[in-house]
Amino acid sequence: MKRNKNEIKYLTKKQIKKLFSSIENTKKLNKFWLRDLCIFNISYYCWLRISEISLIKFENYNKDSWELYIRRLKWSNNSTITLDKTRRLLLNRYIREYKIKNDIDLLFTTKTWKEITKPSIEYLVSKYKKESKILNFHFHMLKHSIAVHLLELWLSIFELKNYLWHKSINSTIVYSSFSSQMNKNIYNKINKFWLD
């Protein structure tokens, strides 16, 4: 976990993988492991707030185009995210195995098929941070993590702004100072330039 003076916390890519594999490793004892893995994967990839998970309905997912429509809260714009192959296969498997069919069905529910709430997600966070041994993890870090990871892929600030559907570039710029890998890449390029 990384942090700086502004206290935006995020997980490294290695920690994200560790979190996901820790959820998957519970499958023998946890019949809802696939739902949980989907929640954390989709939340990371689609940079969801904890309260946005319960807004996603089955009808918001287009299996043909691999797109997931996200209703955003606070000051964010609603967005349609094209899922990558990993998330698409995971979500399709979850829908198939949990027999989610009705267009009015919520995509993610509790064990009793009710709307998943913030305390339910917080319980899962508590459970999986113990499993993964990522002790200072909290849910909102997933949202910050994807932004930092995309900058490390060398997306420009403007590309990241568009991807995150931010209304203001100022909301996006804040992430540029948090990527230690990005800073290393910059210094490596500068050093290489001077060595050539």
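Listed here are the residues, each with its yes/no results for (1) at pLDDT 80 or above; (2) polar (S, T, N, Q); (3) at positive phi.
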position: Leu153; (1), (2), (3): yes, no, no
position: Ser156; (1), (2), (3): no, yes, no
position: Trp165; (1), (2), (3): no, no, yes
position: Ser171; (1), (2), (3): no, yes, no
Report summary line: The number of residues in segment 84-108 that are touching a residue at least 40 places away in the same chain (Cβ under 8 Å) and either in a helix (DSSP H, G or I) or surrounded by 14 or more Cβ atoms within 10 Å (Cβ to Cβ) (or both) is 13
Requested in this report: Out of Leu48, Leu68, Leu34, report the one residue that is in a loop (DSSP other than H, G, I, E, B) and not basic (Lys, Arg).
Outcome: Leu48
Report summary line: Filtering segment 110-151 down to residues that are charged (D, E, K, R), at negative phi and not in a helix (DSSP H, G or I) yields Lys111, Lys114, Glu115
Query - Failed item, numbered, when Glu24 is tested on (1) closer than 20 Å to His149 by Cα; (2) in contact with a helix residue (DSSP H, G or I) (Cβ under 7 Å, 6 or more places away or on another chain) - result: (1)
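The values are calculated or read from the model by the stated rules, or taken from the named source; none is laboratory data. Quick caveat, the model's predicted, so the values are computed rather than measured. When we count neighbours, we look across all protein chains shown, and the Cβ atoms used for this are built from the backbone with ideal geometry, even at glycine.
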